[in-house]
Amino acid sequence: EAGVAQSPRYKIIEKRQSVAFWCNPISGHATLYWYQQILGQGPKLLIQFQNNGVVDDSQLPKDRFSAERLKGVDSTLKIQPAKLEDSAVYLCASSAHAGGDEQYFGPGTRLTVT
Amino acid sequence: EDQVTQSPEALRLQEGESSSLNCSYTVSGLRGLFWYRQDPGKGPEFLFTLYSAGEEKEKERLKATLTKKESFLHITAPKPEDSATYLCAAARDSNYQLIWGAGTKLIIKP
């Protein structure tokens, strides 16, 4: 069974530029999560999708971050414009159900904003 | 405020030296307590889910236990390949959102 795929693995941009991350979840998983993980901290949920609908985006900085999940499968997370404090690893995860049960994570995208 | 606190932040052990990692939680309405392992440059990998106080689960050299206030991850006779950051997370009963701890970095020296 293929795992969660993410791209790119690394990205370096200057502040005020835009960037986009892509995620392909495990086939058949209805729930998709985007997390931000700063070095030395646990993951912070940015947004949760159930199929192609948003379940929770309460911690998403909506003035600069946006996310979509087309056709309930792949998802993209965009930052525009980026700030220095956005430097982090962006993790995508999926689960079969929305109940917070076992989540499968991708390798993450390490973003550096200079 | 709901929160999850892990201790210690880092733990260095000799190969074969058993120990425990702690995860204290304050969550109104706990649905489940999760343990994940994270290797450098990778996403977290699921280990265990515990749902009720007194529950225990084992996998190889790891055993997770749960009380009403905390969870322990016991590691017995660890090997260098057990070196990783161990994360715990608590799921609320109300919205299933996971509240994550900051992790314990475990280093096993050969």
GNM result for chain A, Cα springs below 10 Å: residue of A:Gln59, A:Gln50, A:Gln41 fluctuating most strongly: A:Gln41
Most fluctuating residue given options A:Ala67, A:Ala93, A:Ala30, as computed from a GNM of chain A linking Cα atoms under 10 Å: A:Ala30
Counting all C-alpha pairs of segment A:1-103, share separated by more than 25 Å (%): 15 percent
Mean Cα-pair separation over length for chain A, i.e. relative contact order, pairs under 8 Å, 6 or more apart, %: 37 percent
DSSP loop trypsin sites (Lys or Arg not before Pro) with at most 13 other Cβ within 10 Å excluded, longest remaining stretch of chain B: B:1-67
Over chain B: Kirkwood hydrodynamic radius from C-alpha pairwise inverse distances, Å: 13.9 Å
Unsatisfied cross-links (Cα-Cα over 25 Å) in the set B:Lys59/B:Lys105; B:Lys59/B:Lys109; B:Lys42/B:Lys63; B:Lys69/B:Lys105; B:Lys42/B:Lys68; A:Lys11/B:Lys42: B:Lys42/B:Lys68
P(r) of the protein assembly as shown over all Cα-Cα pairs, binned every 10 Å from zero, in whole percent: 8, 33, 35, 20, 5, 0
Gain in span if fully extended, A:Asn51 to A:Lys71, counting 0.36 nm per residue against the direct Cα distance: 6.4 nm
For chain A, the longest site-free run once trypsin sites (Lys or Arg not before Pro) in DSSP loop states with at most 14 other Cβ atoms within 10 Å are removed: A:17-61
Size of charge dipole - chain A - debye, nearest 20, with Cβ of Lys, Arg +1 and Asp, Glu -1, no other charges: 460 debye
C-alpha center-to-center spacing [segment B:40-110, segment A:46-99] in angstrom: 25 Å
Farthest toward positive dipole pole in the protein assembly as shown [+1 Lys/Arg, -1 Asp/Glu at C-beta], among A:Ser95, B:Tyr96, A:Leu46: A:Leu46
Whole-number D in µm²/s for segment A:36-96 (Stokes-Einstein; Kirkwood sum over Cα pairs; 4 °C, 1.567 mPa s): 104 µm²/s
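Values quoted throughout were computed directly from the atomic coordinates according to the rules given, and no laboratory measurement underlies them. It should be emphasised that the depicted structure is a prediction, and the values quoted were computed from it without experimental measurement. Every residue, glycine as well, gets a Cβ built from its backbone with ideal geometry; the counts of neighbours run over all protein chains shown.
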